[in-house]
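Each value in this text was obtained by applying a stated rule to the coordinates, not by laboratory testing. Keep in mind it's a predicted model, so treat the numbers as computed, not measured. With ideal geometry, Cβ positions are generated from the backbone for all residues, glycine too; neighbour counts draw on all protein chains shown.
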Amino acid sequence: MTLTSLWQPFSLGRVELSHRLAMAPMTRNRANADGTPGELVARYCGQRATLGLLITEGAQPSADGQGYANTPGIYTPEHIAGWRKVSDAVHAGGGALFIQLMHAGRISHPDNTPHGRQPVAPSAISAGVDIATASGRQQVPVPRELSVQDIAAVIAEFRHAAASAIAAGADGVEIHGANGYLLHQFLSPNSNRRSDAYGGSVENRSRFVIEVARAVAEEIGADRVGIRLSPSMPLGGLEEGDVADVRAQYRHLVGELAGLNLAYLHLHHVGDDELLQSFREAWPTAVLVVRYGRTREQLAADIDAGFADIAPVGRLALANPDVVERLRAEAPMNELDPATIYGGGESGYTDYPVLANAN
Ligand SMILES: Cc1cc2nc3c(=O)[nH]c(=O)nc-3n(C[C@H](O)[C@H](O)[C@H](O)COP(=O)(O)O)c2cc1C
């Protein structure tokens, strides 16, 4: 098993990559209470710099955008100073940093935010799911429907967050349009029941995502912006309809986004390869594809099939700071410790051993 196609260089926007792996975004809940990433986050990311492109865990662009406790923010001077340390650590190891901009929308709870407010969403419909809070798992409440003026304000928050990421020394941002969070909530007909310009038709449900992407690209340059999508991913109570509905929604959306010339399209893919092929044909730049739970033998499959240029890895990178070296050397991997994934300190975060001192 040589995974040959992983070892080819690639230019992604302004970034030169020496291989085709990357770190997929993973929430680890280890920022300070105010959302500032501290030294520990910098160490964790710095340890993984050989992954080349590091896409960070979701970072909220505003207090309203926070979904879970101790996730990082990217909107205050303190956040920028914290992320500066992360950028420096990643650059010192030869990597590039893309901060994922994640607005959780209705997947939030007042107990998890600094202002304790009701979450916001396209429509006042609860996701009906439980999420972790300081006092145990709680059902998410019915969110407040964003007005058209509120939507403009959220787009401005994304703009500000993108500028803040660049001010912190990041190489770019990834807009989180996947996995059931705010942007995805606008796309999905069961979470978006609006009757204005942001709801109803495929075009209207796509509008918010396109406006966010356009604003962020205008702010920092399209070649520093990626976007993540997950067509038909049933997370956070979303149901996007049958295959034909999903294809219509995402072909329109990806077609419109393609015109922005972003640095990349990142798909958390759930299996419609015909749709994937049509994205590949429509998209002018890099395509990143993650499928949940690939084995190491499967990591080059989407590149070999012509679907993808880059194969980001999630949990393998979480548990193996030197996952690139281990794949090259065909060495065994550390096991992931499920107990230390979300929250806590160094344990299960910065103390996974590298090959030289693995047992
Ligand atoms: C602990 C954990 C946290 C995650 N957090 C995020 C996140 O913040 N943003 C996101 O887009 N995806 C998130 N994901 C999804 C991963 O980016 C990735 O798509 C998924 O883990 C599948 O890849 P894997 O099988 O290589 O782990 C998370 C996954 C895990 C395991």
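Structure summary
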read-out	value
Local electrostatic count, Val41, Cβ distance below 10 Å [Lys/Arg +1, Asp/Glu -1]	+2
GNM result for the chain, Cα springs below 10 Å: residue of His115, His268, His184 fluctuating most strongly	His115
DSSP-defined beta bridges in the chain - what % are antiparallel, rounded to 5	20 percent
Axial C-alpha extent at least 20 Å, average Kyte-Doolittle at least -0.5 - helices from the chain (DSSP)	77-92, 148-167, 202-220, 243-258
Karplus-derived 3J(HN,Hα), 6.51/-1.76/1.60, for each residue of segment 100-117, Hz, glycine and proline x	7, 8, 10, 9, 6, x, 7, 8, 7, 9, x, 5, 9, 10, x, 9, x, 8
Residue-count net charge about Ile166 - beta-carbon cut-off 9 Å; Lys, Arg +1, Asp, Glu -1	-1
Karplus (6.51, -1.76, 1.60) ³J(HN,Hα), θ = phi - 60°, over segment 52-61, in Hz, Gly and Pro reported as x	x, 9, 10, 9, 6, 4, x, 10, 6, x
Antiparallel bridge percentage (DSSP; both residues within segment 49-200; nearest 5)	25 percent
Protection proxy ranking, peptides 209-218, 242-251, 31-40, average beta carbon neighbours within 10 Å, highest first	209-218, 31-40, 242-251
Protection-proxy order for peptides 47-54, 13-20, 69-76, each taking the mean of Cβ atoms within 10 Å per residue, highest first	47-54, 69-76, 13-20
